[in-house]
Amino acid sequence: MSDESSTLRAVAWRDVFPGLLIFRSFGLSIRASILTLATIGVLLAPLGWWVGAHLFLPSETRAAAYRQHAWKWPSARRAEESKLPSGIYGVVNDGWRAGHEGVRRWFAGWQHFLSLPLTLGMTAFLTFGALWTLVVWAFLGGAMGRIAIAELGRDERVSFGSALRHVTRKFPSYLGAPLLPLAGILFGLVLLALLGLIMRANFGVALAGLIWLFVLLGGLILTILLVGLAIGWPLMWTALGAELDSDAFEAVSRGYTYTIQRPLRFLVYVLIAPVLGGLGYLLVYHVAEILLAICRNTVLWSAGAERQPDLLPWFYRDAPRTDDSYLLAFGGWLILLANGLVRSIVVAYGFSFFFCAAAAIYLLLRRDIDDQPFDDTFSDEEEEVLQMPPVPPELGTAAPKPEA
């Protein structure tokens with residue numbers, strides 16, 4: 001009898017412990033391509049609200065409306081305000097808040113439509129700001145999701161340009177996926193409002209009483225649509241980056257199906273991701289603050305005690321200005337912009353981790369529900385074949401046979 005033996009060469013830990021896929025999100029979220037896309041989004045998103053405030057609101061209410069409904073660019077002078085979050089709750093809260101700020105602002109824009117009083121200008125401002133935020137993150141978040149899906153699913157690097165071309169081709173679907181259920185919700189609210197108009201008369205109240213059970217059933221459907229949209233919309237964009245021929249309708253279907261069929265498992269993934277994201281946020285945040293502190297303190301020390309009063313206002317918020325020369329102001333504003341860009345990258349990490357974690361959760365839920373392996377996603381080559389232009393008619397026509 002032959003003595004056969006085998007040697008264990010490697011262990012596919014991703015197949016043994018599939019949940020470990022979420023832990024790859026941090027390393028992926030600090031990659032230059034994804035972090036660049038997130039930083040562009042952080043810088044562009046407030047711009048739309050600022051433009052909308054100047055287009056649709058009077059000057060006396062412009063600043064207050066912008067502060068209430070939009071978020072500011074990261075402060076360039078808040079080193080003295082830096083504090084380490086206390087306890088595990090602070091870590092989780094910081095990670096959750098960083099990843100959901102843009103989402104919260106977008107939903108807040110639509111939510112304020114129900115607030116009274118609401119002028120025509122405020123309605124236009126909220127519509128413009130909410131749609132602008134959706135456009136920005138649909139494009140940039142879709143590109144981040146495409147890069148994350150390819151890396152997590154196939155261990156394949158997707159270039160910056162390839163991800164942008166993919167989102168450009170599918171942008172109507174990226175834009176329409178969250179708008180489809182939102183349109184259904186608005187339609188249901190319009191029907192409820194019409195019923196309220198009928199109930200101004202006594203016979204309308206009697207009619208409403210007869211159909212009230214159906215009204216409650218419709219309200220349940222609206223609630224399911226709203227909750228599914230609030231928690232499942234990242235999976236919609238991720239589905240568009242994972243499935244080759246997916247469109248807005250398929251993306252909406254997968255987003256609702258994956259959250260409804262495995263709610264407890266989805267909840268576990270959602271609870272794990274903010275903990276990891278919060279720890280990563282602490283690391284990125286304090287690395288950036290140490291970087292700024294090293295540059296700031298070294299420059300102030302070498303500039304000398306007599307020069308420090310002129311330079312302090314450009315590094316600390318409450319320092320009094322002693323010199324208003326143009327050259328000093330020019331250089332100081334450039335320093336502020338550069339420091340603000342560093343802190344913008346810190347904020348952008350929250351968004352980059354959010355979309356990377358959403359890609360990991362989508363692959364895990366798809367594996368659990370549809371039994372699809374992680375690597376069952378399309379590659380760049382398959383997408384290029386899909387985008388090949390049609391053959392011109394003159395090239396596709398066979399050459400005529402010569403006459404005998």
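Starting from the Cα of Val275, step 7 Å along the direction of its Cβ; do the same at Val135; then give the gap between the two resulting points in nm.
Roughly 4.1 nm, to one decimal.
Set the Förster radius R0 to 30 Å, insert the Cβ-Cβ distance between Ser379 and Ile260 as r into 1/(1 + (r/R0)^6), and round the FRET efficiency to 0.05.
Calculated transfer efficiency: 0.50.
Which value, in nm² and rounded to one decimal, describes the direction-averaged projected area of the C-alpha convex hull of region 158-285?
For region 158-285, averaging the hull's shadow over all directions gives 11.6 nm².
Over all directions, what mean area does the Cα convex hull of region 290-364 project, stated in square nanometres?
6.4
If you build the Cα gyration tensor of region 124-180 and take the root of 5 times each eigenvalue, what three semi-axes come out, in whole angstrom, biggest first?
Listed largest to smallest, the semi-axes of region 124-180 are 26, 10, 9 Å.
Which peptide among 256-262, 184-190 comes first, and what is the full order, when sorted by highest mean count of other Cβ atoms within 10 Å?
Descending packing order for the listed peptides: 256-262, 184-190.
Mind ranking 239-249, 287-297 by how tightly packed they are, going by the mean number of other C-beta atoms within 10 angstrom, highest first?
239-249, 287-297
Rounded to the nearest angstrom and ordered from largest down, what semi-axes does the equivalent ellipsoid of region 234-359 get from its C-alpha gyration tensor (root of 5λ)?
So the three semi-axes of region 234-359 are 47, 16, 10 Å.
Distance in nm between label sites at His286 and Arg169, each 7 Å beyond Cα in the beta-carbon direction?
Output for this residue pair reads 4.4 nm.
Taking 56 Å as R0, compute the FRET efficiency from the Cβ-Cβ separation of Gln372 and Ala305 and round it to 0.05.
Efficiency computed from Cβ-Cβ geometry: 0.25.
Rounded to the nearest 20 debye, what is the charge dipole size of region 210-307 about its Cα centre when +1 sits on each Lys and Arg Cβ and -1 on each Asp and Glu Cβ?
Roughly 320 debye for region 210-307.
Quickly rank 164-170, 197-203 as a protection proxy: mean count of other C-beta atoms within 10 Å, highest first.
Top of the packing list down: 164-170, 197-203.
List, largest first, the extents of the alpha carbons of region 198-259 along their principal axes, each in whole Å.
55, 18, 15
Run the quick spin-label model on Leu55 and Arg154: label points 7 Å from Cα toward the beta carbon, then report their separation in nm to one decimal.
About 3.8 nm separates the two model spin labels.
Only the coordinates and a few stated rules stand behind these numbers; no lab work does. Given the structure is predicted, the values throughout are model-derived calculations rather than measurements. Methodologically, a virtual Cβ is constructed for each residue, glycine included, from the backbone with ideal geometry; neighbour enumeration extends over all protein chains shown.
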